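Step one of this worksheet: look at the structure below.
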Amino acid sequence: MAMDKKIFTTPILKSNPITVLVLGICSSLAVTVKLEPALVMAVSVTIVTGLSSFLISLIRKTIPNRIRIIVQLVVVAMFVILIQQILKAYAYDVSKQLSVYVGLIITNCIIMGRIEAFGLNEKPLPSLVDGLANGLGYGLILVIVAFIRELFGSGTLLGIQVIPQSFYEAGYMNNGLFIMPPMALILIGCFIWIQRIFQKEESK
Amino acid sequence: MENPILKLIDKIKPTFSKGGKLSWLHSTFEAFETFAAVPSTTTKGRTQIKDCVDLKRVMIAVVVALIPPFLFGMWNTGDQHATAFGLEWGFWLKVWFGFYKVLPLFLVSYIVGLGIEFAVAQVRGHEVNEGYLVSGFIIPMIMPIDIPLWILALSVAFAVIFGKEIFGGTGMNIWNPALLARAFVFFAYPSVISGDTIWIEGLTNATSAIDGFSGATPLAIAAEGGEAPSLLQMFIGNIPGSFGETSTIAILLGAAILIFTGVASWKIMLSTVIGALAVGFLANALAPAGSFSAYPAINHLVMGGFAFGAVYMATDPVSSAQTEVGKWIYGFSIGALCIILRLFNPGYREGMMLAILLMNTMAPIIDYCVIRPNIRRREKRAATK
């Protein structure tokens, strides 16, 4: 398969892992209260999906079919642990905020799903691109959700107060529902809704 | 056809029909037409007995039933304000004050809610659903009187869009929209819906209230171990609370109207009360003296939103259980859950809202569990013959 632009563009919108495939929902509920951890999470997942797809694709012809899941797990776990250690070393505060969710990247369905569906059958470079693109598609939704939640839930962005103090004095209040997980679910639901409206028009 | 309204409707009808100038406003026109008069369309084909009571008339019956607590709420709002600030007000002044304070809530509730309903109906090409007539009336009655109007508008929008429209409009909703609006406020802006100062108009920013005056609801007082108002006082409803929920006697009047017109199920109301009493008496029997669990079970029926919830919200024909046996289970669970939440959830004493919402969620399962055995029994009977 030649390098096709579509490998990169489809996962970001048309078959977005969250809004179309509905994968990786748990982590997108948990880490999107604030923008900063969401950004870190997005980058981490992108790196892990890209590199693990790449590595699996490199050794795909030598993996016996019956134990492929275990091999995939080992590869993914290796990258996750690397990310975890790097975060602990250079961004300790964020890694504490993310708590178990960095380790839980390994259970993120997007990664295993892409390896199974793409990395095992395709050449290394397209696999790398596919993995990165899926990570980016996931990260995109994550960042948008976190943006909305932090803005309305805490009135800040990246920890800096955005909504002016005069608003609060006039009676404005932060919306506590945005800090709770249900609101993330509702927001993602809205994205799916909006995307379906546009895609329906396209397919007509 | 002597009626001038009917004449007007017939005159302007072609403008809104297919091909007319304003045909894109068809849904809006139809809403007003059927609101003003019984629709002139009749069943085609073979005869069927058809009742002229359609959804609009049912909704109007509920609104009529809501009037007693509404009237009492107006007087009570004024009376509570007068007591808190030590004012010597006459009866009519109190009623006027309550009306003046609650009018903006109703206006916001209806303008926002109906605005969204009309817009959605227009976009989808549906008829406008009339369900919001009742929800829009109930929402101001279960909110604190001092709630900021923008929060009210937001909660109404949330309830109508996410409680109703995404499921397909009136008749498709899983939860009671009015309760969803309240739940939204409770989770999003807890400070405006809990505490001692919000239930009486003007007390939040009060400077001139009587010294040591507490605006706590009887439920909060009793939970703290204080002396709540007497049973009779709570029954009449001259206590702090949401606009419409305080007077059990006015709510019972409404319940009589609902049962008489056949709109709401007496089974749900009765089983809710039985459920509450069952758990209440059990708690009374087991509780150590002095704890909130020892608080008389009967009193729970007249405090907080229990009566209002049991009569107007639990019986919502859309979100409640549909089968007859299911109604008993559904009502009993609401009553029982409500008291359990009140007794064992120190964070939030008013369990009625969450109990009803939870059982709304469960209602389809209850119905399923009632219908399945029935089908199986009948299959067996058919097989043996």
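Quick note: the coordinates plus some simple rules give every number you see, no bench work behind them. Given the structure is predicted, the values throughout are model-derived calculations rather than measurements. Cβ atoms come from the backbone with ideal geometry, glycine included; neighbour counts cover every protein chain shown.
About its Cα centre, what dipole magnitude does segment B:77-130 give when the only charges are +1 on Lys and Arg Cβ and -1 on Asp and Glu Cβ, stated in debye to the nearest 20?
In debye, rounded to 20, segment B:77-130 gives about 120.
7 Å from Cα along Cα→Cβ at both B:Ser230 and A:Thr62: what's the point-to-point distance in nm?
9.0
Taking the simple approach of a point 7 Å from Cα along Cα-to-Cβ for both B:Gln322 and B:Ile375, what is their distance in nm?
About 1.2 nm separates the two model spin labels.
Taking 0.36 nm per residue of separation and subtracting the Cα-Cα distance, what length does fully extending B:Arg124 through B:Arg57 add?
Gain on stretching B:Arg124 to B:Arg57: 21.7 nm.
Find the centroid of the Cα atoms in segment A:117-177 and in segment B:236-280, then give the distance between the two in whole Å.
One Cα centre to the other: 46 Å.
What is the percent of Cα-Cα separations in segment B:55-372 that go past 28 Å?
37
When you take every Cα atom in the protein assembly as shown, what is the radius of gyration, and what is Dmax, the widest Cα pair distance, in Å?
Here Rg and the maximum Cα pair distance are 28.9, 92 Å.
Out of A:Pro11, A:Pro64, A:Pro181, any idea which swings most in a Gaussian network model of chain A, alpha carbons joined below 10 Å?
Among A:Pro11, A:Pro64, A:Pro181, the largest mean-square fluctuation in the Gaussian network model of chain A belongs to A:Pro64.
Under a plain spin-label model, where a point goes 7 Å from the Cα along Cα-to-Cβ, how far apart in nm are B:Ile166 and B:Ala294?
4.7
Compute, for segment B:55-372, the length of the dipole vector about the Cα centre, with Cβ point charges of +1 (Lys, Arg) and -1 (Asp, Glu) only. Units Debye, rounded to 20.
Dipole of segment B:55-372, to the nearest 20 debye: 660 debye.
Starting from the amide H of A:Leu157, placed 1.01 Å from N in the peptide plane, find each other amide H under 5 Å away whose residue is 5 or more places distant or on another chain.
A:Val162
A:Ser99 to A:Gln85: extension gain in nm, 0.36 nm per residue of separation minus the Cα-Cα distance?
3.8 nm
Based on the Cβ-Cβ distance from A:Ser15 to A:Asn121, what FRET efficiency comes out when R0 is 22 Å, to the nearest 0.05?
0.85
Count the net charge of all other residues whose Cβ sits under 15 Å from the Cβ of A:Pro11, scoring Lys and Arg as +1 and Asp and Glu as -1.
0
Taking the Cα centre as origin and putting +1 on Lys and Arg beta-carbons and -1 on Asp and Glu beta-carbons, what dipole magnitude results for chain A, to the nearest 20 debye?
The dipole of chain A has a size of about 660 debye.
Principal axes first, then extents: for the Cα atoms of segment A:19-203, list largest minus smallest coordinate on each axis, whole Å, largest first.
Extents along the principal axes, in whole Å: 66, 48, 23.
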